[in-house]
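Reviewing the structure listed below.
The numbers here are math on the coordinates, done by the rules we state, and not lab data. Owing to the predicted nature of the structure, the values given are computational and were not obtained by experimental measurement.
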Amino acid sequence: MKAIAFIKKYATAGIALAAIIGFSAFKMSDDPIQSTRVLAYNNATEQYEEVTDYNTNKCIPGTEICSFTTEAEIGSAPGQVPSEIPLDQLNDYLPLMTQLGDNHKQYDFSK
């Protein structure tokens, strides 16, 4: 009898605690980690490409805007920015990006 009374008394609290822990863990894994990405203009491929070691000193004279930053996730779905953007598609992604480099520049990928 004591065992049944103990289970009735604490089972609901145990289930509630397990549910809270479970939903908290799910919520933590559901949040994407936002980070700032940099896309710089590569004259050789005529597209903007993601750069992991961006350095403003690598912006050399050219014809485009040297670089942009974005916090959008990688992809081509609405609200996302791919890691490579051909020059003719740049306008599609400009609302999701901020100009970082100067005008009339390109990024020197050779260094």
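Details
- Considered as an equivalent ellipsoid built on the Cα gyration tensor, the range 37-107 has semi-axes of 19, 12, 10 Å, the largest given first.
- Extension gain (nm, one decimal) between Thr69 and Thr36, 0.36 nm per residue minus Cα-Cα: 11.2 nm
- Distant-in-sequence amide H partners of Gly62 (H built 1.01 Å from N, under 5 Å): Lys105, Gln106
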